[in-house]
Amino acid sequence: MSSTPERTGVDAASRWPLLLLLASAVSWLVVAGVLSLLAALQLREPAFMAGCPVLTYGHTAAIAETAFVYGWLANAGLALGLWVLGRLSGEPLRAQNWALAGCAFWNIGVTMAIVGIAAGDTTGFELLQLPGYVQPLMLFSYGAVAVSGILAWSGRLRRTPFVSHWYAAAALFTLPWVLSVAHVMLFRAPARGVMQEVVAAWFEQSAWWIWIAPLALSAAYYVVPKVTGKALYAYDYALVGFLSVLIVGGLTAGRHLVGGPFPAWLDSVAVVSGCLLFGHAIIVLLNLRLAFTGRGIALKFIAFGLLCYALLVIVDAATSFTGVAGQAGLTFLHEAQKQLALYGAATALFYGAIYYAVPRITGRAWLSGLLVRAHLFLAILGIVALVACLVLAACAQGRGLAQASVPFSQITASTRPWLAGACAAQAILLLANFLLAVNFFGTACELSKIAPKAEFADAAGSAAS
Amino acid sequence: MKSNFAFFIGVFVAVLISWGMLMGANVQLGSLAPYFDETDGTTHPEWMPGIAAQGQLVYRDLGCAACHTQQVRRDGMGPDLARGWGDRQSVARDYIYQPAPQLGNNRIGPDLTNLGDRKPSAPDSDDLLNLLYSGADGMPSYRFLFETRRIGAGAQPSDKALSLVGALRPPQGYEIVPTLEAESLVGYLVNLRTTYTYPEARPYVVPKGQNPEVKPAAAAAAGGAK
Amino acid sequence: MSAGAKRDPRLDQAAMSDEALLDAHERLVGAQPDEKARYRLLPIGILFVFSGLILFAGTYLNRYTAHYSGVVYNENSKGESSQVEAKPDPLAVGRAAFNQVCITCHQATGQGLPGTYPPLDGSEWVNGAPERVIRIVLYGLNGTVHVEGKQFNATAMPTFGQGVTNSAYNWSDDRIAAVLSYVRQSWSNKSAPITADEVAAIHKQVGDHKPMTEADLEAVK
């Protein structure tokens, strides 16, 4: 079986859960885009919709984040994780009904969470704004979808796993563990005082480093060698890269706790962990370096995502030091780092993998090349503009805060232009994601004779090392 | 790593390591007891009065922590002390009696840790209610926390009616009264103070004789050579 | 894949099958020896990077965690003992205790009430031998007493010492020493402070005692 046609039977047989997950993801992405634009507008113009008790800025920001992370990132990550595991297992996905049911209930959970937050049940914890009563539903839905992936991983035909196996399988296990610990310590038997913030910070960092990032990396590690036709460089170190992020990821929790009412060692551990992640980033970049010289839409997005990933590691480590956090902490820089991670790194890597995967899942090429190129351009422009505007707003804010005589009205005035830029960036991103949604649904709905049937070239039998 | 079981155990142990750090922090922070002051026989911190505890939940529900922090940083780490947000840095013991501490992570508005203790004068309930109704630069108005109602014929205006000026004044015969949510929120805000200086909250000073900046010989030489 | 053809953005082609992908990477991590025995710079490079990071990590954790103390908030501190003071300022303790209890009789000015409560300001008992004034506070004072030439009848100074019969306040030796030091340095008094050790010594020496009288105190040398 040295030369298999590119759209394998695996894809055709597994398409329903994957399509449902991707459809949910793309829909949530547009919804999150609308909500993020609303939040950005409220930040720039506090009087905007101030009369609506359901949509105060605190609510809107929480809802936008929930829709983005639990709606878009989770669904896309699961879709790509299941797809990669399924393909590498050599067999169609098993327990597909579980995955379908899990996805449906997950989306119901996210909707309930959004309604709950709007009604005032927000938890106040970053990346865990889901009200407490929704979390068990999310946990079980995720487990249901994960069952399919775990079976694909454990039942793989070839015993030696590939690096994507590690990352995807780990992500399927870690979120339930981390979420259940946070659920117990924050809602069932609430920890005392500031310990709640420590748990929330640990959850936030663990959710990023050992749940979302592994799903993104698993997809990237699969797509890059597939498109370039060359094996990964320095692959023997991929295991070290994997273990380093798994062990050290949660330890960076102190990054959010610098200078606050927390024992000093939490931040020192975070500094050290942030620096150890340099090793991880170097290994990931070395392995995937051919993404930077490759051609095609998928590799372009993956290259951009990897650049953001590397920048993120550097910035996160730098802002853990107390000297830096004293100047830059508790400003918009925090939001900029969050957007760099969630949009710049994870979302861009997901975009790249989705552009590669959808033709294979549906058996059709993307509906419109123009929409693909427009999305590429607008998404990268929007992400760069968003992060840059937030960083500049943080600089203006930090400068104003640092001098005790500067009143807050002046600080607000100095950040307004940059927040307007952030609004514009969110609008660009909304447009880009809307184009992606149109393209996706056009392709997936098999509006026949509109989406061209894919002409898969016969993949080479053996790869050059 | 061909064995699935070995992989599973490996991932579990890796997550256990950071979970272990969390448990260590929990042992330290979860066991914090109130501090008994020898000199005047009082314990600190004090419980928040009932309306203040309710107010903290209103604060959380409205999402105020999105723009306001409640953590004073130490001298040298930001402008907190210079801006009069507190006399000392916040420590964990300040928050042990709060059901849902809202530390916040972005200072779009001022820090609120010691709002009830601001010098020279702390805002009182009326100031805060007016601010919530009217909004300010960068802060939205929260009109939905108030009721505009008619003053009945021959009735007196309510004690709790806001006294507003200019364009915000209600029409003749009407008054603006805070709802219970607004009252609890303001009750919480005026009770925010962390004035007791625990031993661990005292600023750290480099012990004498360990000044890392000046080398004694060099300093003497510099002074003598002048 | 023809090099000249423009890539169709609607479909990224694969250059490797899944089988080939898994094969190639299995070979890379497999135990086959490398026939060409090339010297690779990469393992050394990564080894250096990781060693450097671990060295940094160890050094940083050693210096900046204050032994993982739960009460140290400044990472520059070397540990709890250098940060957390055990004893509060005695003068502050003394002032607070005076203002809570003693002030009701001896007044804030230390003048007392003529005929009823003796003054402390300028009193020869306060500024005199520590052994006498310590006994006054530890055990209380009853009966007639003469202060600055004036007579005070039927005094009833309460007992403050710990473990003394009928002690109303059970103050520790530290606190008694603090109050005495405060009183001896307030108003026009300028006497040396009294240490907790002196109070403890007398407390131990005398043990339990009923309230002192003027005669008892004058007998003390």
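The values are calculated or read from the model by the stated rules, or taken from the named source; none is laboratory data. This one's a predicted model, so the numbers in the text were calculated from it and none came from an experiment. Note that we place each Cβ from the backbone using ideal geometry, even for glycine, and neighbour counts take in every protein chain shown.
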Practice task
Among residues belonging to segment B:137-169 that are β-branched (V, I, T) and under 31 Å from the mean Cα position of the chain (by Cα), point out the one that is nearest to the other protein chains (Cβ to nearest Cβ).
Solution key: B:T148
Problem - Identity of the residue in segment A:343-391, of a type outside the set (A, V, I, L, M, F, W, C) and not in a helix (DSSP H, G or I), that ends up surrounded by the fewest Cβ atoms within 10 Å (Cβ to Cβ) - result: A:G363
Problem - B:I108 vs. criteria out of contact with any Phe, Trp or Tyr (no Cβ under 6 Å at 6 or more places or on another chain), of a type in the set (A, V, I, L, M) and not in a loop (DSSP other than H, G, I, E, B) - result: no
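List the helices (runs of 4 or more DSSP H) that sit entirely inside segment A:2-96 and contain at least 3 residues that are within 12 Å of chain B (Cβ to nearest Cβ) and at pLDDT below 95.
By residue number, A:15-44, A:57-66.
Out of everything in segment A:392-430 that is more than 20 Å from A:Q42 (Cβ to Cβ) and in a helix (DSSP H, G or I), what residue ends up being farthest from the other protein chains (Cβ to nearest Cβ)?
Filtering first and then ranking leaves A:C395.
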Exercise for the section: Kindly provide the set of residues from segment B:67-79 that are within 9 Å of chain A (Cβ to nearest Cβ), buried (at least 24 other Cβ atoms within 10 Å of the Cβ) and either of a type outside the set (V, I, T) or within 21 Å of A:A40 (Cβ to Cβ) (or both), ordered by number. Expected result: B:T69, B:Q71, B:R73, B:G78
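Matching residues to (1) in contact with a helix residue (DSSP H, G or I) (Cβ under 6 Å, 6 or more places away or on another chain); (2) of a type in the set (F, W, Y); (3) buried (at least 18 other Cβ atoms within 10 Å of the Cβ); (4) free of Cβ contacts under 8 Å to residues at least 60 places away in the same chain:
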{"residue": "B:V11", "(1), (2), (3), (4)": "yes, no, yes, yes"}
{"residue": "B:L32", "(1), (2), (3), (4)": "yes, no, yes, no"}
{"residue": "B:G55", "(1), (2), (3), (4)": "yes, no, yes, no"}
{"residue": "B:R60", "(1), (2), (3), (4)": "no, no, yes, yes"}
Problem - Residue check for A:V438: buried (at least 16 other Cβ atoms within 10 Å of the Cβ), more than 21 Å from A:A32 (Cβ to Cβ) and within 25 Å of the chain's Cα centre (by Cα) - result: no
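To keep it simple, each residue is scored yes or no on (1) outside any helix (DSSP H, G or I); (2) among the aliphatic types (A, V, I, L, M); (3) under 14 Å from the mean Cα position of the chain (by Cα).
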site	(1), (2), (3)
A:G294	yes, no, no
A:K300	no, no, no
A:G305	no, no, yes
A:L312	no, yes, yes
A:V315	no, yes, no
A:Q327	no, no, no
A:T331	yes, no, no
A:A341	no, yes, yes
Problem - Members of segment C:92-151 that are away from every other protein chain (no Cβ under 14 Å), out of contact with any Asp or Glu (no Cβ under 8 Å at 6 or more places or on another chain), part of a helix (DSSP H, G or I) and among the β-branched types (V, I, T) - result: C:T104, C:V126, C:V133, C:I136, C:V137
Practice task
Name the single residue, out of those in segment B:1-31 being at pLDDT below 90 and not polar (S, T, N, Q), that is nearest to the chain's Cα centre (by Cα).
Solution key: B:G30
Exercise for the section: Identify all residues within segment B:91-109 that are facing another protein chain (nearest Cβ under 7 Å) and under 16 Å from B:N191 (Cβ atoms); write none if there are none. Expected result: B:D94, B:Y95, B:I96, B:Q98, B:A100, B:P101, B:Q102
Handout entry: Test set (1) modelled with pLDDT under 70; (2) of a type in the set (G, A, S); (3) exposed (fewer than 14 other Cβ atoms within 10 Å of the Cβ) - C:G79 fails condition number
Key = (1)
Problem - Residues (part of a helix (DSSP H, G or I), within 18 Å of the chain's Cα centre (by Cα) and either at pLDDT 90 or above or more than 30 Å from C:V72 (Cα to Cα) (or both)) located in segment B:184-226 - result: B:S184, B:L185, B:V186, B:G187, B:Y188, B:L189, B:V190
Practice task
From A:W202, A:W209, A:W177, grab the single residue that is over 25 Å from B:I96 (Cα atoms), of a type in the set (A, V, I, L, M, F, W, C) and at the interface with chain B (Cβ under 7 Å from one of its Cβ atoms).
Solution key: A:W177
